[in-house]
Amino acid sequence: MAETTTGRRERKKAQTRQALADAALRLFTERGFDNVGVREVAEAADVSLSTLFKHFPSKEALVFDLDADIESALVAAIRDRAPGQSVLHALRDHLVRTRTALQTDDPLFVLVDSTPALSDYARRMWLRHEKALATALAEATGPAPDDLAVVGLARFALEIPSLARTSDDPATAVRDLFTLLERGWAGTPLARPEDRSGQDD
């Protein structure tokens with residue numbers, strides 16, 4: 001009986017959270033993010049303002065309902081990579097699949113891209129995954145999670161999708177930037193002879 005009650009309660013929470021997210025996206029898309037208050041979102045979802053804040057800590061958070069799933073997928077890309085595949089290649093392939101196929105006409109994409117507050121929030125939320133990613137990289141390769149090598153790799157890798165977005169071919173751009181990350185500047189065709197010979201200085 002306890003399990004049944006708990007399951008029903010969790011389903012109710014999930015339904016309320018989804019109703020809030022759906023109401024927020026609809027209102028923000030129709031009227032603009034800055035022109036809608038959180039109380040209006042709560043009313044549209046038929047819940048109290050306090051209930052809204054139990055599920056979402058801020059107005060911006062209403063737009064980003066899958067953050068935990070995104071982080072879990074990043075970590076899984078490292079931990080569940082194919083036998084013999086390097087962590088860099090596993091992360092590269094995951095980011096190509098998940099971060100370069102965004103539909104520019106999708107209402108959520110349009111909303112975030114056209115609202116500076118949401119764009120800034122999205123970037124901060126994305127970069128928050130650095131610690132979890134660094135931990136997964138450390139577990140896969142051996143050093144401590146706070147080792148500068150894995151922390152640096154996690155940070156650089158997370159910056160790649162936003163850089164690639166400016167390209168006409170984001171998927172190729174992601175692959176090229178991971179090649180740069182893997183081989184270093186001296187390993188690129190752009191490096192001059194003195195760049196290559198300077199590696200041992």
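The values are calculated or read from the model by the stated rules, or taken from the named source; none is laboratory data. Just so it is clear, the structure is predicted and the values come from calculations on it, not from any experiment. No Cβ is skipped: glycine too gets one built from the backbone with ideal geometry, and neighbour counts run over all protein chains shown. What goes into the accessible areas is simple: the full protein's heavy atoms, side chains included, and nothing from ligands, DNA or RNA. Shrake-Rupley method; radii C 1.70, N 1.55, O 1.52, S 1.80 Å.
Put a plus charge on the Cβ of each Lys and Arg, a minus charge on the Cβ of each Asp and Glu, and nothing anywhere else: the dipole of region 105-176 about its Cα centre is then about 240 debye.
Report the net charge of residues surrounding Val150, where surrounding means a beta-carbon distance below 13 angstrom and charges are Lys +1, Arg +1, Asp -1, Glu -1. Its environment carries a net charge of -2. Taken about its Cα centre, the chain carries a charge dipole of roughly 640 debye when the Cβ of each Lys and Arg holds +1 and the Cβ of each Asp and Glu holds -1.
For region 1-140, the square roots a ≥ b ≥ c of the C-alpha gyration tensor eigenvalues yield an a/c of 1.5 or more together with a/b not exceeding b/c, which makes the shape oblate.
When Arg8, Arg183 are compared by accessible surface with a 1.4 Å probe, the order from highest to lowest is Arg183, Arg8. Taking the charge dipole of region 97-184 about its Cα centre, with +1 at Lys and Arg Cβ atoms and -1 at Asp and Glu Cβ atoms, the residue from Leu163, Gly184, Met125 reaching farthest to the positive side is Met125.
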